[in-house]
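Worksheet: the structure to be examined is printed underneath.
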Amino acid sequence: MKALHRIFVALTCFPVVLSLLLLPLLPERIPAHYNLYGEVDRWGSRLEVLLLPLCCFVGGLLWRRLVGKLSLVQPQNQKPMLIAGCSLLAALDALSLVILFYSFSAADVPQTGLLLPQLIYILLGLSLLPLGAAMPKVKRNGVLGLRTRWSMASDRCWELCQRAGGKSLLLTGVLIITGSQLIRNQLWLNLLPIVLLILDGIFCILYSYRVWKKYGS
């Protein structure tokens, strides 16, 4: 558990420290936003590279505080919540590295084409895998897991919903990663994670209702 805490702290602090160290080396103007076609549609100050790292830092501190409070009443949820936090922070840290790379390469690579959205969706898919793996281990709580009025009805409903929800999230992550490598159309590439996450949510809601009808009503 101590190692997991150290990893969490490192992932929380890493992007801020790295961005501050590299900030003086960045060009004065960097790409601040890309459109759906991978083209820069807004340029901004190099200080904008600090936005995501600072969000990671603040979010990490808040999540760790939440984990600490929840572990006082549900210590069994501490580990899966730390795993979930680490997976999300790792994805955001990697995205920070991608942003830094494109900021340095702004003069030479002003347009990213499919590469940037592919990288983002791969990171998104990878972040869902540990979340899906951790879900079956989470005990009933109001923060993490497949939480609907039906899944929260009883411990039996909760356990069944977390198992199915975890598998569904794992499948969604794998499909996002695979699809981002196979799809070459910009529009479909950007629609892919949205559609898959919506389908995952619909499945989880319907499954939790079905479980509730069988075991909770």
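The values are calculated or read from the model by the stated rules, or taken from the named source; none is laboratory data. All figures in this text were calculated on a predicted structure; none of them were measured in a lab. Please note: Cβ atoms are built from the backbone with ideal geometry, for glycine as well, and neighbour counts cover all protein chains shown. What goes into the accessible areas is simple: the full protein's heavy atoms, side chains included, and nothing from ligands, DNA or RNA. Shrake-Rupley method; radii C 1.70, N 1.55, O 1.52, S 1.80 Å.
Given R0 = 45 Å, the distance between the Cβ atoms of residue 72 and residue 20 translates into a calculated FRET efficiency of 0.85. Relative to the longest principal axis of the Cα atoms of the chain, the long axis of helix 186-211 lies at roughly 10 degrees. Its residue count N sets the reference 2.2 N^0.38 Å, and the alpha-carbon radius of gyration of the stretch 10-164 equals 1.26 times that reference.
Taking the charge dipole of the stretch 1-151 about its Cα centre, with +1 at Lys and Arg Cβ atoms and -1 at Asp and Glu Cβ atoms, the residue from 94, 51, 145 reaching farthest to the positive side is 145. When the Gaussian network model of the chain links Cα atoms closer than 10 Å, the mean-square fluctuations of 27, 53, 130 top out at 27. Using Cα atoms only, what is the angle between the long axis of helix 51-73 and the major principal axis of the chain, expressed in degrees (0 to 90) to the nearest 10? The answer is roughly 20 degrees. Surface analysis of the stretch 4-161 yields an accessible area of 52 Å² per residue, using protein heavy atoms and a 1.4 Å probe. Evaluating 6.51 cos²θ - 1.76 cosθ + 1.60 at θ = phi - 60° for every residue in the stretch 2-16, the Karplus couplings come out as 4, 5, 5, 5, 5, 4, 4, 5, 4, 5, 5, 8, 3, x, 5 Hz, glycine and proline recorded as x. Taking the chain as a Gaussian network of alpha-carbon nodes connected by springs under 10 Å, the highest mean-square fluctuation of the residues 150, 158, 188 belongs to 188. Using heavy atoms of the protein chains and a probe of 1.4 Å, the accessible area assigned to residue 102 is about 10 Å². Straight Cα distances below 13 angstrom link residue 167 to the aspartates and glutamates 159, 200, with same-chain residues fewer than 8 positions distant left out.
For the chain, the mean residue ellipticity at 222 nm estimated from helices alone is -23500 deg cm²/dmol, where every DSSP H run of n ≥ 4 contributes -39500 (n - 2.57) and the total is divided by all residues, rounded to the nearest 500.
Heavy atoms only, probe 1.4 Å: what % of the accessible area of the chain goes to carbon and sulfur, would you let me know? Carbon and sulfur together cover 69 percent of it.
Across the stretch 1-153, the relative contact order, built from alpha-carbon pairs under 8 Å that are at least six residues apart, equals 28 percent.
Inter-label distance, residue 149 to residue 185: 3.9 nm, where each label sits 7 Å from its Cα along the C-beta direction. Across the stretch 127-138, coupling constants 3J(HN,Hα) worked out from phi with the 6.51/-1.76/1.60 Karplus curve, θ = phi - 60°, read 5, 6, 5, x, 5, x, 5, 7, 4, x, 8, 7 Hz, and Gly and Pro carry x. Per-residue surface analysis assigns residue 2 an accessible area of about 150 Å², computed on protein heavy atoms at 1.4 Å probe radius. Only protein heavy atoms count here; on that basis, with a 1.4 Å probe, residue 1 has an accessible area of about 110 Å². For the options 70, 115, 126, a Gaussian network treatment of the chain with springs between C-alpha atoms closer than 10 Å singles out 115 as fluctuating the most. Close amide H partners of residue 32, meaning residues 5 or more places away or on another chain with modelled amide H under 5 Å apart, are 42, 43, 44.
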